[in-house]
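Here is the structure we will look at, set down as structure tokens.
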Amino acid sequence: MNIRPLDIGFREDADRRARSLLIVAIVIAVIGSLLHRLPVTSSYRTWLLTPFAPAIAVVDGIRTALMNSVGGEDEPLGRVSAETQLELSVAKEEIEALKRENNELRGLNSIHLELPFEGIVATVSGRMLSADRHILFLDVGSHDGIKKGAIVLGAENGKTSVIGKVVETSINLSKVQTILDPTTKISASLNGRGGYVFSGSTDNRSGRLNYVPREETVNVGDEIFTSEEGRLFPGGFLIGKIKAIGTRSALFHDISVEPMTSEDMIRFVWVVKEKRK
């Protein structure tokens, strides 16, 4: 193949231009690295930048032109970033759910070790939560030795608390009325004193502590327990803590109580079967 001198000249010119552009790019990269290490207010930044201002302007122009020419390709990258963000968000939620599950199971294990009751761990398989009904469904039933009236406990943040009681059973299913159900009435104690009544309410997040005299000192955060005087629940089980204190009447405090365990988040519970012998 014959190569004409004119072709050789064009190639040599192209090679020289390529080498020149490479040198300029290297110099700009070095300057950029130096600038990155200097404070924004340093006079050296201006001294180093001024001689290369035309070259930097050219580079910026080329970069802008390239970005405009491939504008359609930048959109998929944005979508990938959004999808990645969504995946990370879902992964974080799953990790938090696993942490809650682990904490619940560890807490339920402590119930078995600390309380004088035989029982069984159950999974919450369904919920019916509304203003007038607070029901959980468990995956255990009469086949597992569960009886109507059995106490259901939960564990959250290292504390064992009352969830509710079993109101109906089938072979492999139990229906639990939670303490927030409006029909719930539990003998309760506050600051070591009994004679009070905890009741559910139409508020999906809290119950009420009734018949606490106005002269009784109460504080937000005080814990409420089941009372020894009650028949439905043995004494000493944690119900919740005081969320707010109002003045409904001249005789009694208006006390809102937040359960220790969230019924719309809990996944595992401990169903008491009988007192350990």
May I ask you to list the residues in segment 206-224 that are touching a Leu at 6+ places or on another chain (Cβ under 6 Å) and farther than 11 Å from VAL257 by Cβ?
-> none
Checking ARG205, ARG231 in turn, the sole residue that is in a loop (DSSP other than H, G, I, E, B) and exposed (fewer than 13 other Cβ atoms within 10 Å of the Cβ) turns out to be ARG231
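I need the full set of residues from segment 234-261 which are part of a loop (DSSP other than H, G, I, E, B) and under 31 Å from the mean Cα position of the chain (by Cα), in order please. Break it down stepwise before answering.
Narrowing segment 234-261 to residues part of a loop (DSSP other than H, G, I, E, B): 234-237, 247-251, 253, 260-261.
Within segment 234-261, GLY236, PHE237, MET260, THR261 meet the criteria.
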Pairs only if they're at least six apart or on different chains, beta carbon under 7 angstrom, first in segment 259-270 and assigned by TED's automatic domain parsing to the domain that holds ALA155, second of a type in the set (Asp, Glu); list them, first residue then second.
-> MET260/GLU156; THR261/GLU156; ILE266/GLU104; ARG267/GLU101; ARG267/GLU104; PHE268/GLU104
Which of the residues belonging to segment 234-277 are touching a strand residue (DSSP E or B) at 6+ places or on another chain (Cβ under 7 Å), over 19 Å from ALA150 (Cβ atoms) and among the hydroxyl-bearing types (Ser, Thr, Tyr)?
-> THR247, SER256
Check LYS165 against each of (1) closer than 21 Å to VAL271 by Cβ; (2) part of a loop (DSSP other than H, G, I, E, B) and name the one condition it does not meet.
-> (2)
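The values are calculated or read from the model by the stated rules, or taken from the named source; none is laboratory data. Since the model is a prediction, treat every value here as computed from it, not as a measurement. Here Cβ is always computed from backbone atoms with ideal geometry, including for glycine, and neighbour counts include all displayed protein chains.
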